[in-house]
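Data block below; observations after.
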Amino acid sequence: MNFDPNIIIPFLTEWGLKVVGAVAVLVIGRMAAGMIRSAVRKAMVKANIDATLTPFVASLVYYLVMAVVIIAVLSLFGIQTTSLIAVLGAAGLAVGLALQGTLSNFAAGVMLLLFRPFKVGDVVEIGGITGSVVAVKIFSTVMKTADNIMITVPN
């Protein structure tokens, strides 16, 4: 095999710089995503947001920043990212519609954790069931009835 340096050197220079730039963007982006996640976590702890919600929101922020970083890396290589973003948006819509009931319970759980209309130990009536609140989770509330039966009620 005979390699022509007039072809190989420009090729390696162009793609080598793109690869180095992509690695730099990935490394800096990952560090930035970690710092943003830590800042969100600290802000939520300082604001006394429920401990159940804090890791979820911090992880969500981390993965959203990493998605932006990966799209930026793809655009460095000349890949058209507009169609990728459209596909991600459509996939998000499809998942949202498929999980509509679950997302509704999740949103209700977040509201319960933020506004605290009741807390653990309170006696409440939910959906015709009266009991003492044992735990308020993201997707459900666990209650214990007067006859010691544990009931999980979706939020």
Residue pairs meeting the criteria (Cβ under 6 Å; at least 6 apart or on separate chains; first among the small types (Gly, Ala, Ser), in the stretch 43-65; second part of a helix (DSSP H, G or I) and modelled with pLDDT of 90 or more): Ala58/Arg37; Ala58/Val40; Ala58/Arg41
- request: Select from the stretch 89-111 the residues that are β-branched (Val, Ile, Thr) and open to solvent by 50 Å² or more (accessible area, probe 1.4 Å) and write down the one among them that is nearest to Thr54 (Cα to Cα).
  value: Thr102
query: How many residues are out of contact with any Phe, Trp or Tyr (no Cβ under 7 Å at 6 or more places or on another chain), open to solvent by 60 Å² or more (accessible area, probe 1.4 Å) and closer than 23 Å to Ala47 by Cα if we restrict to the stretch 132-155?
result: 1
- prompt: Taking the stretch 7-51 as the search range and keeping residues that are among the basic types (Lys, Arg) and surrounded by 13 or more Cβ atoms within 10 Å (Cβ to Cβ), which one is modelled with the lowest pLDDT?
  reply: Lys18
- request: Test Ala58 against the stated conditions and say whether it is in a helix (DSSP H, G or I), closer than 23 Å to Ala107 by Cα, modelled with pLDDT of 90 or more and small (Gly, Ala, Ser).
  value: yes
- request: Within the stretch 86-103, identify whether any single residue is in a helix (DSSP H, G or I), within 23 Å of Ile138 (Cα to Cα) and in contact (Cβ under 8 Å) with a residue 60 or more places away in the chain, and answer yes or no.
  value: no
- request: Scan the stretch 112-131 and give yes if some residue there is touching a helix residue (DSSP H, G or I) at 6+ places or on another chain (Cβ under 7 Å), under 27 Å from Met44 (Cα atoms) and either of a type in the set (A, V, I, L, M) or open to solvent by 40 Å² or more (accessible area, probe 1.4 Å) (or both), otherwise no.
  value: yes
- prompt: Do we find that Val65 is under 19 Å from Met44 (Cβ atoms), assigned to a helix (DSSP H, G or I) and open to solvent by less than 80 Å² (accessible area, probe 1.4 Å) in this structure?
  reply: yes
field: Near pairs, Cβ below 7 angstrom, 6+ apart or cross-chain, from the stretch 133-155 (at positive phi) to any residue that is surrounded by 14 or more Cβ atoms within 10 Å (Cβ to Cβ)
entry: none
message: Within the stretch 71-85, take every residue that is touching a residue at least 12 places away in the same chain (Cβ under 8 Å) and assigned to a helix (DSSP H, G or I) and give me the one that is surrounded by the fewest Cβ atoms within 10 Å (Cβ to Cβ).
response: Ile85
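The values are calculated or read from the model by the stated rules, or taken from the named source; none is laboratory data. No experiment lies behind these values; they were computed from the predicted model shown. Neighbour counts are summed over all protein chains in view; Cβ atoms, including those assigned to glycine, are modelled from backbone coordinates with ideal geometry. Ligands, DNA and RNA are excluded from the accessible area calculation, which covers all protein heavy atoms including side chains. Shrake-Rupley method; radii C 1.70, N 1.55, O 1.52, S 1.80 Å.
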